[in-house]
Structures are given as C-alpha cells and as structure tokens.
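The values are calculated or read from the model by the stated rules, or taken from the named source; none is laboratory data. This one's a predicted model, so the numbers in the text were calculated from it and none came from an experiment. Cβ coordinates were reconstructed from backbone atoms using ideal geometry, including for glycine residues, and neighbour counts include every protein chain displayed. Note: areas computed on protein heavy atoms with side chains; ligands, DNA, RNA excluded. Shrake-Rupley method; radii C 1.70, N 1.55, O 1.52, S 1.80 Å.
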Amino acid sequence: MILPIVGYGNPVLKKKAGEIDASYPGLEKLLEDMWETMYTASGVGLAAPQVGKPIRLFIVDASPFEDEEEELKDFKKVFINAQMLEETGEEWFFNEGCLSFPELREDVLRKPKIRIKYQDEKFNTFEEEYDGVAARIIQHEYDHIEGIVFVDRITPLKRRLIKSKLTNIIKGVTQPAYKMKFAQKK
Ligand code: NI
C-alpha cells in the first residue's frame, strides 16, 4: 500500500523519534508499505517520520548510484533504532533532495565517513562503517529520526533565498507525481 509522504511543515518531521522493539505492531506491513512508497516516488531513502510515524526506522536503497560507486549495486537496508557513533573526515558538498520537499535540491555539507549502530528488521544488532554516497544517504535519513531536515543544514542566507519554495511546499502548491500530505493544504 502506498502511503502519503508527509511534507515539510508537518510537526512529525521536527520530532526526535523513539525506539521500537520487535513487539511494534504491524512492523512487517509498515516496512513493505515504506518500500513500495519509496520506490513509487523514486527515492533512495525513506524514514518513518516521513510517513507520519515518529519511530527510529528508515530504509535505504542506494542502487541508483551504482554507476558512481559499483558496490552500491545491492545496497538495500533497513535501519532500526540507529545511533550515530561517529562522523569523521573533511566535510564535502553533495546535492541532496528529500521526498518531503518536492522539487527542491540543495548542496549540503557533511562529513564523509560514519560509524553507526543499528538493528535490522529481525532486530539483530550491527555496528558498521560507511563512506561516500552510502554514508551520505544514511546521514540524511538518520537526521529524519532526529527531527532534522536537510534545509536545517544549509546557511541562513541560502534558506532565505528558498523561502518562497518552502512556503509552496508547506501549502501544497508544489505537487509532485507521488502522493503527499501537506502541512497546510486546504
Ligand atoms: Ni529526506
């Protein structure tokens, strides 16, 4: 089932998400719906708050980036209860987009290397290191479960320059091809 993606301006995107355990009701179905929703919207990552659920869960499929980094060909993962342990290296710009911000892309500075602890859909715990595009997508999705969105990471000047675009997203003027739930659409 395709879920509506929550647009910028909805309070759930500003909330720090809570941990879950294996007793979380309907987790399997939620994951199935999130994959379907993400692929329908041509996304490479989707966090539970973006479908209105304030829980520490996000999914990533980096395979569209396999032309740039061959090892991303089969990079498809579920991250539950993730905790960022370390981000290192010299910050680099990467042009990011977000399904909660249709038609908006911005260059965002982040560190290139991360170490993250998380559980998979079977609640097995992993501690892993990532770099490059995989790290970047994970950092963006991890922000969502911390209540941070990518425009929080651009300069105040840049944010002023895109203010009308952000207002159009809040009001649902910017209508993408996928299903969305806008913050202030009448
Ligand atoms: Ni996003």
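General observations
- Pairs, first under 17 Å from residue 151 (Cα atoms) in segment 164-186, second among the acidic types (Asp, Glu) and open to solvent by 30 Å² or more (accessible area, probe 1.4 Å), C-beta under 6 Å, six or more apart: 174/103
- Among the residues of segment 119-146, the one identified as among the hydroxyl-bearing types (Ser, Thr, Tyr) and within 16 Å of the ligand (Cβ to nearest atom) is 142.
- Top-ranked residue of segment 55-89 - restricted to ones that are surrounded by 14 or more Cβ atoms within 10 Å (Cβ to Cβ) and among the acidic types (Asp, Glu), ranked as nearest to residue 2 (Cα to Cα): 61
- There is no residue in segment 90-98 that is farther than 20 Å from residue 5 by Cα, away from the ligand (no atom under 16 Å from the Cβ) and out of contact with any Lys or Arg (no Cβ under 9 Å at 6 or more places or on another chain).
- Scanning segment 35-59 for residues that are of a type in the set (A, V, I, L, M, F, W, C) and within 13 Å of the ligand (Cβ to nearest atom) gives 38, 41, 44, 46, 47, 48, 51, 58, 59.
- Under the condition of being in contact with an Asp or Glu (Cβ under 9 Å, 6 or more places away or on another chain), touching a residue at least 24 places away in the same chain (Cβ under 8 Å) and farther than 30 Å from residue 9 by Cβ, the residues counted in segment 72-111 number 5.
- Within segment 25-42, being open to solvent by 60 Å² or more (accessible area, probe 1.4 Å) and in contact with a strand residue (DSSP E or B) (Cβ under 8 Å, 6 or more places away or on another chain) holds for one residue alone: 39.
- The listed residue being touching a residue at least 40 places away in the same chain (Cβ under 8 Å), touching a strand residue (DSSP E or B) at 6+ places or on another chain (Cβ under 6 Å) and among the basic types (Lys, Arg), out of 153, 115: 153
- Pairs, first closer than 15 Å to residue 143 by Cα and open to solvent by less than 40 Å² (accessible area, probe 1.4 Å) in segment 43-54, second within 8 Å of the ligand (Cβ to nearest atom) and among the acidic types (Asp, Glu), C-beta under 8 Å, six or more apart: 45/141; 46/141; 47/141
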